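I have placed the structure first, in the form of structure tokens, so that the comments after it can refer back to it.
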Amino acid sequence: MTDGMRGIVPPETWTVRRRRRRRRLVVLGAVLVLIGSGIWGGVTLLSVCGSFGSGVTELDGECVGVTDGSYVFHSDLADVQGKLEEENARVRREAPAYVTVALLDPLTPSDDSGLPIAQVRNRLEGAYTALRRVNTEPVSGDPNPQIELVLANSGTSDEHSRRVVEQLVDLRDQENPLVAVIGLGVSTERTKWQAEQLSANDIPMVGAYLTADDLEYEHIPGLIKTSPSNRHYVEALRRHADAAGIDSTIMVRDANSDSGADLYTRSLEEEFERQMAEIMEFPTQQFTGSTGGAGGDVNLFGNVRANICASAAQRLQAVLFAGREVDLGAFIESLEFRTCADTPLVILTAGLELGALLKGQEDQLAEAKITVLSASTVDAEGWRANPAAEGTPEHYGDFRRAFQLAQFAEEHLDDGGAIMMHDALLTAAQAVRIAAPLGSASAPTADDVRAQLLNINTLYSVQGASGELSFSKQATGAGTPLGKPVPVLAYPRAPGSPSRQTGELYHVTG
């Protein structure tokens, strides 16, 4: 986060932003007059991506901005963005009243980035599935007013984020106003800044994968989320550890948490220390995690591995891993070459969807005597294989059928992104419909929708693919998904078990 971005105190309000927008329109008009008159004199137009007026601008070689799907951010997104563009066009053509919701996420990663393009595609497929459902069936109440979903690529720099947030704030003032933002990326300082700016402009938000404990309504008014917070994940792990008799652990932390830029790793570390202190018997180890997505380096863990083996000689049972998925793979690979290979090790981690990382490595993990237990947002593999199982959410089957109807591949569900983005849009749509009791006869504003975020409960709970979700005002944990199941998944699965889920299923309570 740049010093300049940290210095925006207080954030600009909607009124100030609207005045700025009007000034920009005046300047743009003057520029067009100059162009038409042949008087230019050194003024340079920004380079646009796609056609002029696409809403997407090239900045530092990256296309950032807001589009209705007509500008395709990557060739692998062409199919799902085409479907989104078609549905948005239908809404604009047929709906007597409609409002706009924006999906804010990094949408232009490379294959070796922290968010591979396949995961971006899966998230958009989940969003499209939800969009069709909320516009054509009563899954979130009366399917009116209809919803147009625009895509906002937040880019990879502070400047990109600032420009996109400005665009979103401007959309509040259009004829079919922006009434909510979903997605919001992952738990980083930049995400927090974006959420604070949107909150200051009274734009409601539904995070899809935000796990940091300070990314919640009580810290950022107007922000709710469909994912549990790290304290919920760690509580699920602690209950499992108690039931399994695990009473001797060591924590491995990412030194990047010290800067505060990665709110996920910092928050996870803090929750391990708070909830697992009694069983953390050995000195905490640390590594400097990868900042990109090319994959962690096994050499980061040489000294850590040696100390883990020294601790294993003194009855160490489990490792608490407070790092990101990109480094977990390298950590596991490093442990395969440990000197204490005959001693079984359990790795406890949280908030990571490990299906893509560990899929197909069952035999390798078993041979290395390593078991990974992850407190997870979803169990997509298990729910698909066991739709009637006790732990499968009641409404998962409805989502899966809609996903299949959209002709998306089943394996695109495995990383959990499609499920969580689907639930984020369903949640936003529920708030929209509560705020518009007259259906097609009323079009709510962002203020109207924000006022209903904590009324999404009881009769208005969200029939999510990941569980039935409720949101209400509480002393702590306002805006977290009450009732959300948090399965603890085992890699490799227990011999003979039809599911990765292990232990008693935990649910978010606040």
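For every residue, the table says whether it meets (1) buried (at least 22 other Cβ atoms within 10 Å of the Cβ); (2) within 28 Å of R400 (Cβ to Cβ); (3) at pLDDT 95 or above.
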| site | (1), (2), (3) |
| --- | --- |
| V169 | yes, no, yes |
| R172 | no, no, no |
| I203 | yes, no, yes |
| A212 | yes, no, no |
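Out of T392, T427, report the one residue that is under 25 Å from T129 (Cβ atoms) and not in a helix (DSSP H, G or I).
Numbers: T427 fails: not in a helix (DSSP H, G or I).
Only one candidate qualifies: T392.
Residues checked against (1) over 30 Å from M205 (Cβ atoms); (2) β-branched (V, I, T); (3) at pLDDT 95 or above:
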residue	(1), (2), (3)
R238	no, no, yes
G289	no, no, no
G296	yes, no, no
E325	no, no, no
(Q) So for region 73-89 (the condition being outside any helix (DSSP H, G or I), at pLDDT below 90, of a type outside the set (S, T, Y) and touching a strand residue (DSSP E or B) at 6+ places or on another chain (Cβ under 7 Å)), does at least one residue qualify? (A) no
Q. From the residues in region 331-357 that are modelled with pLDDT under 90 and crowded, with 20+ Cβ neighbours inside 10 Å, which one is nearest to A212 (Cα to Cα)?
A. G351
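Every residue, every condition in (1) closer than 18 Å to L115 by Cα; (2) assigned to a helix (DSSP H, G or I), yes or no:
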| position | (1), (2) |
| --- | --- |
| Q167 | no, yes |
| D170 | no, yes |
| N176 | no, no |
| V186 | yes, no |
| L198 | no, yes |
| V206 | no, no |
| P228 | no, no |
| R239 | no, yes |
Q | One residue from R162, R133, R92 being more than 20 Å from G185 (Cα to Cα), under 21 Å from the mean Cα position of the chain (by Cα), in contact (Cβ under 8 Å) with a residue 12 or more places away in the chain and assigned to a helix (DSSP H, G or I) | A | R133
Q | Residue in region 91-110 that is surrounded by the fewest Cβ atoms within 10 Å (Cβ to Cβ), counting only those that are among the small types (G, A, S) and within 24 Å of R450 (Cα to Cα) | A | A97
(Q) Checking A241 against (1) in contact (Cβ under 8 Å) with a residue 60 or more places away in the chain; (2) over 30 Å from L345 (Cα atoms); (3) among the aliphatic types (A, V, I, L, M): exactly one of these is not met. Which one? (A) (2)
**Q.** Unmet requirement for L357, which otherwise passes all of (1) under 30 Å from G260 (Cα atoms); (2) in contact (Cβ under 8 Å) with a residue 60 or more places away in the chain
**A.** (2)
Q) Among P228, P204, which is the only one that is over 28 Å from V304 (Cβ atoms) and in contact with a strand residue (DSSP E or B) (Cβ under 9 Å, 6 or more places away or on another chain)? A) P204
(Q) Exactly one condition in (1) part of a loop (DSSP other than H, G, I, E, B); (2) touching a residue at least 12 places away in the same chain (Cβ under 8 Å) is false for I332; which is it? (A) (1)
(Q) Given the condition touching a helix residue (DSSP H, G or I) at 6+ places or on another chain (Cβ under 7 Å), modelled with pLDDT under 50 and either in a loop (DSSP other than H, G, I, E, B) or within 23 Å of D173 (Cα to Cα) (or both), answer yes or no: does some residue in region 41-55 qualify? (A) yes
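Residues Y217, Y264: which one is outside the structural domain of G503 (by TED's automatic domain parsing), within 30 Å of I182 (Cβ to Cβ) and in contact (Cβ under 8 Å) with a residue 40 or more places away in the chain? Break it down stepwise before answering.
On the way: Y264 fails: outside the structural domain of G503 (by TED's automatic domain parsing).
It is Y217.
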**Q.** T211 vs. criteria in a helix (DSSP H, G or I), under 30 Å from I434 (Cβ atoms), assigned by TED's automatic domain parsing to the domain that holds D158 and of a type in the set (S, T, Y)
**A.** no
Q | Total residues in region 186-206, condition closer than 18 Å to A261 by Cβ and among the small types (G, A, S) | A | 2
Q. Identify, please: which residue in region 469-510 is of a type in the set (D, E, K, R) and surrounded by 17 or more Cβ atoms within 10 Å (Cβ to Cβ) and is, among those, modelled with the highest pLDDT?
A. K484
Q) When residues of region 355-389 are filtered for being part of a loop (DSSP other than H, G, I, E, B) and within 19 Å of E235 (Cβ to Cβ), how many remain? A) 4
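From the list A102, A127, exactly one residue is under 16 Å from the mean Cα position of the chain (by Cα) and assigned to a strand (DSSP E or B). Which is it? Break it down stepwise before answering.
Values: A127 fails: assigned to a strand (DSSP E or B).
The unique qualifying residue is A102.
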**Q.** Leading residue by the ranking (farthest from the chain's Cα centre (by Cα)) among those in region 239-270 that are farther than 13 Å from Q317 by Cβ and among the hydroxyl-bearing types (S, T, Y)
**A.** S259
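The values are calculated or read from the model by the stated rules, or taken from the named source; none is laboratory data. None of the values given here were measured: they were computed from a predicted structure. When we count neighbours, we look across all protein chains shown, and the Cβ atoms used for this are built from the backbone with ideal geometry, even at glycine.
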